[in-house]
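These notes are about the structure you will find just below.
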Amino acid sequence: MSIDTATTSSEELRNALVDKIIKVFGRRGIVVRPDVECALRTVPRELFTPGIPVEEAYADTAIITRRSEDGVNLSSISAPNMIAEMLGQSADALGELTGRHVLEIGSGGYNAALLRELVGPAGSVTTVDIDPDVTDRARACLDTAGYNDVTVVCTDAEFEIEPCRSYDLIIVTVGSWDIPPAWISQLADSGVLVVPLRTLGMTRSWALRKSGDHLVSSSTLLCGFVPMQGAGENTSRAVPLADGVNLWLDEKDGTVGHVDGDVLGGVLDTDRAESWSQVFIKAWRPVPDLVLWLAASIPGFALLIASQAAVDSGLVKPDRRFGEAAFVDGPTFCYQASVRPNEGKTFFELGAYAHGPDASAATTRMTDQIRAWDAAGRPAPTLHVHPAGTSDNDLPDGLVVDKRHSRLVITFSTLE
């Protein structure tokens, strides 16, 4: 049944939005926690989107609240479905949020109000942003909505907010490239950090539990956020392969190996090899865990970014134009692909395309790893976060990604 937004109250729009989220999550096999549902039905989102029509406030999309002069998104009110997932992820990791003390990094006001509902009278919420315009706006919106007991701080959250203060939960609502020491030192014993962490070009929200001086993940989900500003800011680089086709490299220190754009010049003009794995997935279901498996298994990992024109022309044939798994071996380039075996079928077969002198061997290498992932039970990744300088001998076996402040290790628990 459609809703007549011209005569519908904000409360009805809010409830309709939550009903939609519950329905969509149900199709994905996700149950919205009752406490998260209650908070979503309680907090008036329209009070955190001043100047936006109420119908837009209750659309399940992110609302950009600040852009740079060159059009880069700097701050936003995240999409309600993303907020619901991360709040559920946080509550699941801690058991519940009632009575917890929470630090939110990246302030818009709305998520802080939801957290305030979740922690209850015995808990507390502090929200932080580096941009004074953002914190001023958050403070005003929180006060208007009646959440004047939420603490709003304008500072660079790369550093400690308040000396000797600890939090049960630190939830980051901006895209981060690294985990600074201050985030770990401010966590209470067995506290949880929930952070959209960009690694190898992919952003996932990881729920990470503190264990001594390191963190170990308990869950992960795909997400996307505006990037971190300040001391924690980091930029990636693109290696062009052809007009509208680039390799995206996120790590600068050799994790993905050296990629020489000159050596790869004209690689897409060579014949395309292909190989298929006899591994099938449901149509339109992304397989992000496989992407990390390939990153951990094949040296030279990168992500393929392609324009629609490059795909339409047949120059490249990735599953996704933005962020397809790929690897480079000298002058050879290979990327993940899929094909529908029969028209009308609801599944796809996974495989690989490659160009270059060793294209056939490259596609075989990728499809071998796709089969290995399937044979292992399609396992989910676990992220371990250790301080920079930790000896290799003190790290678990897995893919090591060195950041500025930390050493990340991605592992997989395979079936016996």
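The values are calculated or read from the model by the stated rules, or taken from the named source; none is laboratory data. Predicted model, so just to flag it, every value in this text is computed and none were measured. Cβ coordinates were reconstructed from backbone atoms using ideal geometry, including for glycine residues, and neighbour counts include every protein chain displayed. These area figures cover heavy atoms from the full protein model, side chains too; ligands, DNA and RNA do not enter into them. Shrake-Rupley method; radii C 1.70, N 1.55, O 1.52, S 1.80 Å.
Residues of the range 201-211 include at least one that is among the small types (Gly, Ala, Ser) and surrounded by fewer than 17 Cβ atoms within 10 Å (Cβ to Cβ). Residues that are in contact with an Asp or Glu (Cβ under 8 Å, 6 or more places away or on another chain) and either assigned to a loop (DSSP other than H, G, I, E, B) or more than 28 Å from Ser406 (Cβ to Cβ) (or both) within the range 125-143 comprise Ile130, Ala138, listed in sequence order. Residue pairs whose Cβ atoms lie under 8 Å apart, sitting 6 or more positions apart in sequence or on different chains, and linking a residue in the range 371-390 that is at positive phi to a partner that is among the hydroxyl-bearing types (Ser, Thr, Tyr), are Gly377/Thr414. Only one of the numbered conditions (1) free of Cβ contacts under 8 Å to residues at least 40 places away in the same chain; (2) more than 23 Å from the chain's Cα centre (by Cα) is not met by Lys210, and that is (2). Would you check if Val102 is open to solvent by less than 40 Å² (accessible area, probe 1.4 Å) and either modelled with pLDDT under 95 or among the charged types (D, E, K, R) (or both)? The answer is no for Val102.
Any residue in the range 279-291 that is over 14 Å from Tyr335 (Cα atoms), in a loop (DSSP other than H, G, I, E, B) and without any contact (Cβ under 8 Å) to a residue 60 or more places away in the chain? Yes; the residues of the range 279-291 include at least one that is over 14 Å from Tyr335 (Cα atoms), in a loop (DSSP other than H, G, I, E, B) and without any contact (Cβ under 8 Å) to a residue 60 or more places away in the chain. The set of residues in the range 333-354 being surrounded by fewer than 23 Cβ atoms within 10 Å (Cβ to Cβ) and more than 13 Å from Ser275 (Cβ to Cβ) consists of Arg340, Pro341, Asn342, Glu343, Gly344, Lys345, Thr346, Phe347, Phe348. Looking at the range 380-391, is at least one residue over 27 Å from the mean Cα position of the chain (by Cα) and open to solvent by less than 20 Å² (accessible area, probe 1.4 Å)? Within the range 380-391 (the criterion being over 27 Å from the mean Cα position of the chain (by Cα) and open to solvent by less than 20 Å² (accessible area, probe 1.4 Å)), the answer is no, since none of the residues qualifies. Every condition in (1) open to solvent by 40 Å² or more (accessible area, probe 1.4 Å); (2) within 30 Å of Ala295 (Cβ to Cβ) holds for Thr155 except the one numbered (2). In the range 130-139 there is no residue matching the filter, namely being of a type outside the set (Gly, Ala, Ser), closer than 14 Å to Leu103 by Cβ, open to solvent by 40 Å² or more (accessible area, probe 1.4 Å) and more than 24 Å from the chain's Cα centre (by Cα). Annotation note: of Ile184, Ile161, Ile170, the sole residue that is buried (at least 16 other Cβ atoms within 10 Å of the Cβ), in a loop (DSSP other than H, G, I, E, B) and not charged (D, E, K, R) is Ile161.
Only a single item in (1) closer than 21 Å to Phe348 by Cα; (2) surrounded by 16 or more Cβ atoms within 10 Å (Cβ to Cβ) is not met by Lys282, and it is number (2). Contact map, the range 300-313: residues that are farther than 13 Å from Leu241 by Cβ and open to solvent by 40 Å² or more (accessible area, probe 1.4 Å) paired with residues that are hydroxyl-bearing (Ser, Thr, Tyr) and not in a strand (DSSP E or B), Cβ distance under 6 Å, separation 6+ or inter-chain. No pairs are found. All of Glu96, Glu11, Glu56 fail the test of being modelled with pLDDT of 90 or more and in a loop (DSSP other than H, G, I, E, B), apart from Glu96.
Residue check: is Ala295 in a strand (DSSP E or B), open to solvent by less than 50 Å² (accessible area, probe 1.4 Å) and farther than 18 Å from Lys282 by Cβ? When the stated conditions are applied, Ala295 does not pass them. Looking for something within 15 Å of Trp293 (Cβ to Cβ), open to solvent by less than 10 Å² (accessible area, probe 1.4 Å) and in contact (Cβ under 8 Å) with a residue 40 or more places away in the chain - is there at least one such residue anywhere in the range 355-368? Within the range 355-368, one or more residues are within 15 Å of Trp293 (Cβ to Cβ), open to solvent by less than 10 Å² (accessible area, probe 1.4 Å) and in contact (Cβ under 8 Å) with a residue 40 or more places away in the chain. When Gly191, Gly146 are checked against the criterion of being outside any strand (DSSP E or B), more than 20 Å from the chain's Cα centre (by Cα) and closer than 26 Å to Ala84 by Cβ, a single residue qualifies: Gly146.
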